[in-house]
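Please read the structure below before turning to the comments.
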Amino acid sequence: MPMLTALEDNFIYMYQTSFQEHWDLEAITDYGTTNTLTYGQLAARIARLHLLFKQCGIKKDEKIAVMGRNNCNWVTVYMAAVTYGAIIVPILQDFKANDALHIINHSESKLLFISDLIWEGLDIEQMDNVVSVYSLADMKTLSTRITSKPISWEWAAEAFQRKYPNGFTKEDVRYAERPNNKIASINYTSGTTGFSKGVVTPLNALAGHNKFFVETKRIFPGGRHVAFLPLAHAYGCAVDFLGNLYAGGHTYFIGRTPSPKILLQAFAEVKPTLIISVPLILEKIYKKQIVPQISKAPVSWVLKVPYLDEVVLGKIRQQLIDAFGGEFSQVIIGGAPLNAEVEQFLKRIRFPFSVGYGMTECAPLISFSLAPDWKSGSCGKMIPGLMEARIDRPNKDGVGEIQVKGEHLMQGYYKNEQATKDTFTKDGWLKTGDLGLIDEEGYLFIKGRNKTMLLGASGQNIYPEEIEAKLNNMPYVMESLIIQHQDHLIALVCPDYDAVDNSHLSREKLEEAMEENRKNLNAQLADYEQITKIKLYPHEFEKTPKKSIKRFLYTSTAED
């Protein structure tokens, strides 16, 4: 990978230049509607919001919160806030009302842009600093404390016409001068082990991402993206939205729950040039569509025959490529570890994908691999010139906590000095909380979360995520969770009820199938990793908005 440096490139100026250079290109679309904005039209709406911000009394470095599903207005608010010189506070739409209220107050947000449905459960009188609330659907005023002057979207339209009587042009795009060490956003994490914290992300971190994806030609003018990951999460925001908008690409926003049917339809119509995904999408396709194909005779037999297997695998590869639109260069997978069995199969059929590693505290990218032949099980190499990593106190196998530093680092947790102090070492490295190793070629391998690692009876390190990945591939298992009780490992399993129903399994037969799964699983595990029992769990495990299981809720389940 090329050596990169982010400090030379000012984040705000990146977009001032992008809007001017790509003025007539299509920039953003609400998928399934006729609502499309060119770069010039988006720049005009941003300028209109700037007038509204000023009329509301918003000053530099004050906070503006946005909460709702992906859409063009969400993007407009984000870009208007950062180019005005304010700080954006993206709130995951899946947060409960009480959590959202806490974030709005904790961040000291002055304006709130929110979906109408979410707003029904909130009240401006419970908000300490908010002066006005606007709808993400149509920008109408939902509530306000300002009665002394007009502060509506309609007023902003009239003010815009007065300020630009001859029309808004490229030359009118002039944004706040903000050095890269200024704050871009405060992203509240959705941790699996406790309460959310506000990650203070500098403009520099986002500039680094833009530079990396453009210089490695993953994004480019005219590129097409389907954004189905929540924009309030750092991963989708950094690439599908911010990166593609900087490059001159066109992003289509999925504003509904991205079911497989909706996604496949969008891929077929948009034909994206790059796809940003989480492992769950590919794992579901593999389990629901590919495994049934390759498990049946005569396909299973053919796959064991040299040369013949290449023909079958080639057809499956083409089916997958066509399903994703057929014109993408790569599927980038991040946000969680990819199941090892799925990864091996995708590599076997030479499917164009890559795995990265990141966290909200790094906005999020830490490592990535551009080469199609990166090592299985790894999440690539650190980005040269931008990020570095070291392994703290490695054990005899080279596994220890991954610590990182570089251009993508957060400045700390908002109004939480103790958490910030606890997260950084004295010499400035960020403690990721993840366990892993770096091999002699510089490839990074994740073994699990430091906080989720279990200790075997004889002191062995047990990584539950690795066991769960194997169990999740077994019959009638939708998802699983490995917990420890009195030195024994127990697997909680939420059954795949569709598969159970299709097979007409009784409760007794399902339990027999799980016992068979347990035996087959143990045959793949070390002695100290053996599962003593599989316990059926009646429904999906409770998850964070980014779909990670809240493990801390289930530590005592084995005793029930």
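The values are calculated or read from the model by the stated rules, or taken from the named source; none is laboratory data. Only a predicted model underlies this, so the values are computations on that prediction, with no experimental measurement involved. Quick reminder, even Gly has a Cβ in these numbers, built from the backbone with ideal geometry, and neighbours come from all protein chains shown. When the accessible area is computed, the model is the full protein with side chains, heavy atoms only, and any ligands, DNA or RNA have been set aside. Shrake-Rupley method; radii C 1.70, N 1.55, O 1.52, S 1.80 Å.
For segment 242-322, which helices (runs of 4 or more DSSP H) that fit wholly inside it have 2 or more residues that are free of Cβ contacts under 8 Å to residues at least 12 places away in the same chain?
260-270, 291-295, 299-302
In segment 475-495, which residues are at negative phi and open to solvent by 20 Å² or more (accessible area, probe 1.4 Å)?
PRO475, MET478, GLU479, GLN484, HIS485, HIS488
For segment 496-534, give me each residue that is buried (at least 17 other Cβ atoms within 10 Å of the Cβ) and either in contact (Cβ under 8 Å) with a residue 40 or more places away in the chain or over 18 Å from MET478 (Cβ atoms) (or both).
Scanning segment 496-534 gives ASN517, LEU521, GLU529, ILE531, ILE534.
Exactly one of these conditions fails for MET478: (1) at pLDDT 85 or above; (2) under 30 Å from ILE91 (Cβ atoms); (3) outside any strand (DSSP E or B). Give me its number.
Of (1) at pLDDT 85 or above; (2) under 30 Å from ILE91 (Cβ atoms); (3) outside any strand (DSSP E or B), only one is false for MET478: (3).
Within segment 11-23, identify whether any single residue is under 21 Å from GLY222 (Cβ atoms), over 22 Å from the mean Cα position of the chain (by Cα) and assigned to a loop (DSSP other than H, G, I, E, B), and answer yes or no.
Checked against the condition, which is being under 21 Å from GLY222 (Cβ atoms), over 22 Å from the mean Cα position of the chain (by Cα) and assigned to a loop (DSSP other than H, G, I, E, B), segment 11-23 yields at least one hit.
Where residues in segment 255-284 are among the β-branched types (Val, Ile, Thr) and crowded, with 18+ Cβ neighbours inside 10 Å, which of them is farthest from VAL75 (Cα to Cα)?
ILE281
Would it be correct to say that GLY442 is touching a helix residue (DSSP H, G or I) at 6+ places or on another chain (Cβ under 9 Å), at pLDDT 90 or above, farther than 28 Å from ILE534 by Cα and open to solvent by less than 40 Å² (accessible area, probe 1.4 Å)?
no
Tell me, yes or no, whether segment 37-45 has at least one residue that is farther than 25 Å from LYS182 by Cβ, hydrophobic (A, V, I, L, M, F, W, C) and without any contact (Cβ under 8 Å) to a residue 60 or more places away in the chain.
Yes: segment 37-45 contains one or more residues that are farther than 25 Å from LYS182 by Cβ, hydrophobic (A, V, I, L, M, F, W, C) and without any contact (Cβ under 8 Å) to a residue 60 or more places away in the chain.
Answer yes if at least one residue in segment 54-70 is at pLDDT 95 or above, more than 26 Å from ILE151 (Cα to Cα), buried (at least 17 other Cβ atoms within 10 Å of the Cβ) and under 22 Å from the mean Cα position of the chain (by Cα), and no otherwise.
no
Suppose the filter is over 24 Å from SER367 (Cβ atoms), assigned to a helix (DSSP H, G or I), among the hydrophobic types (A, V, I, L, M, F, W, C) and open to solvent by less than 40 Å² (accessible area, probe 1.4 Å); does PHE213 pass it?
So PHE213 does not fit the description; no.
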